[in-house]
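What follows draws every value from the coordinates through simple rules; no lab data is involved. Predicted model only: the values in this text are computed from it and were never measured. Note that we place each Cβ from the backbone using ideal geometry, even for glycine, and neighbour counts take in every protein chain shown.
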Amino acid sequence: MQAQAVAHRLRALIIEVYPEVVEIPWPSQRVAGYGVGPKKMTEHFCYLAAHRDHINLGFNHGAALSDPEGLLEGPGEVLRHIKVKTVNEAEDPALQHLLEAALAERRAALTAG
């Protein structure tokens, strides 16, 4: 299944960016959150949401991120996501840059607060 392979690659990428990541699965929602701690909206910097034909790589504070490639979607005030449909798309270096920026944003927000 393509979406499953995409999810595995994105999860591996998150772990590459931050090996000490805290992973919190929500099976009934088909979502897993990733952060510097277990608290969803304060300590998480990204999430994976499973859909039939793609995986959303979401950013808990994505509206605060620089997105020079214009990949982030979403109308909300805080959350943003990218629909990733293939493993090849999951290999885009821009995704790693966004994950690194999201991690840095959360670390800065937590030390400032």
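In straight Cα distance, which aspartates and glutamates are under 13 Å from Lys40, not counting same-chain residues fewer than 8 positions off?
Glu23
From the backbone phi of the range 44-58, what are the Karplus-calculated ³J(HN,Hα) couplings (6.51 cos²θ - 1.76 cosθ + 1.60, θ = phi - 60°) in whole Hz, Gly and Pro given as x?
Values per residue, Gly and Pro as x: 7, 10, 7, 8, 10, 10, 7, 10, 4, 10, 6, 10, 8, 8, x Hz.
Multiply the residue separation of Lys39 and Lys83 by 0.36 nm, subtract the distance between their alpha-carbon atoms, and state the gained length in nm to one decimal.
Gain in length upon complete extension: 13.5 nm.
Pairing the Cα long axis of helix 2-17 with the longest principal axis of the chain, what angle in degrees results, from 0 to 90 and rounded to the nearest 10?
Taking Cα atoms only, the helix is inclined about 30 degrees.
Among the trypsin sites (Lys or Arg not before Pro) within the range 38-97, which fall in a DSSP loop and have no more than 11 other Cβ atoms within 10 Å of their own Cβ?
Arg52
At Val31 and Ser66, where each label point lies 7 Å from the Cα along Cα→Cβ, what is the point-to-point distance in nanometres?
So the label points at Val31 and Ser66 sit 2.8 nm apart.
Normalise the Debye intensity by I(0) for the range 2-112, one equal point scatterer per Cα, no solvent, then take log10 at q = 0.10, 0.19 Å⁻¹ and round to two decimals.
Rounded to two decimals, the profile gives -0.24, -0.93.
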